[in-house]
1. So which residue, out of 104, 127, 215, gets the largest mean-square fluctuation from a GNM of the chain using Cα contacts under 10 Å as springs?
2. With a 10 Å radius around each residue's Cβ, average the other Cβ atoms per peptide and rank 108-116, 179-187, highest first.
3. For a quick protection proxy, order the peptides 190-200, 45-55, 8-18 by their average other-Cβ count within 10 Å, most packed first.
4. Could you compute the FRET efficiency for residue 145 and residue 196, with r as their C-beta to C-beta distance and R0 at 30 Å, rounded to 0.05?
5. Stokes-Einstein D for region 135-265 at 37 °C, 0.692 mPa s, Kirkwood Rh over Cα pairs, in µm²/s?
6. Between residue 39 and residue 113, what length in nm is gained on full extension when 0.36 nm per residue of separation is reduced by their alpha carbon distance?
7. Given contacts defined as C-alpha pairs under 8 Å and at least six residues apart, what's the relative contact order of region 85-239, whole-number percent?
8. List the pair-distance distribution P(r) of region 5-252, using every Cα-Cα distance, as the percent of pairs falling in each 5 Å bin from 0 up to the bin containing the longest distance, rounded to whole percents.
Amino acid sequence: MNDYLKHYKNQGVFTKIASIGDGGLKLTEFGIISLKAGESYSAESGALEVALIVLGGTCAIAGDGFDFPRVGERKDVFSGKPYTVYIPCGRSYTVTAVTDVELAWTASPSDLKTDPYLITPEQVKCAHIGKENYQRDAVLMLTDAFPAQHLFIGEAYVPSGNHASYPPHRHDFDNLPVEVDMEELYFFRFNPGQGYGIQKIYTDDRSIDFTCTVAQNDTTLIPRGYHPVINAPGYTMYYLWIMAGQKNRRFLSVPDPNHKWILGQ
């Protein structure tokens, strides 16, 4: 398996997909929690901040001093906007499935002291990005509007045959207000499920120059560099994107100079 591509093989209630150190990631861990109705999963955040994104189904999430009794309402990622729960470091938590439920789990090293919180569909920000055959709809959940030390999280929906994260962009250096240093990962789903796409990751000096096919439940790790994706015709591509900023958490990037002209710049 290549360092920048991870395949999901269900290991039960919790499946770890990516750990710090994989693919050069320094700040990001990722996994899937999968529960049948009535089942529970308990853990402690420890020295990490944790975000839980409901991919489909409904659950309760409770722990030290907090209780969110009904989290999630969409059937799957193609059927509505997400619920997200942020759990700071040093907290125990339990996820209890109200219905069959699936959550994305992501974590990053943190010593930020804040209260756990719930981000509802009414609180997300939506944006339509691009034009012609490089369009996507973005849903931004855990942004700089909410407290977190590193995490910045959203979702993207790419129409049939379209390019996304295009023109290719990077966020490799802290250079406000132009660019921020944020590593990233993508977790993919397709509708219908046999869909596929192409992911490319490359740097200016080509020290990374990687291209792969992505399919249902694949994850790509993007420690740095430009990272465009292409969706196959006939399918809708979904990807959960999780960024982790070294110092800053902003939705900022710079385009590849070779393709910047597409933006009219």
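1. 127
2. 179-187, 108-116
3. For the peptides 190-200, 45-55, 8-18, the packing ranking is 45-55, 190-200, 8-18.
4. That gives a FRET efficiency of 0.30.
5. Taking Rh from Cα pairs, D becomes 219 µm²/s.
6. Once the chain is fully extended between residue 39 and residue 113, it gains 23.7 nm.
7. Relative contact order comes out at 22 percent.
8. 1, 7, 14, 19, 21, 18, 11, 6, 2, 0, 0
Each value in this text was obtained by applying a stated rule to the coordinates, not by laboratory testing. Because the structure is a prediction, the values reported are computed rather than measured. A quick note on method: Cβ atoms are made from the backbone with ideal geometry, for glycine too, and the neighbour counts reach across all protein chains shown.
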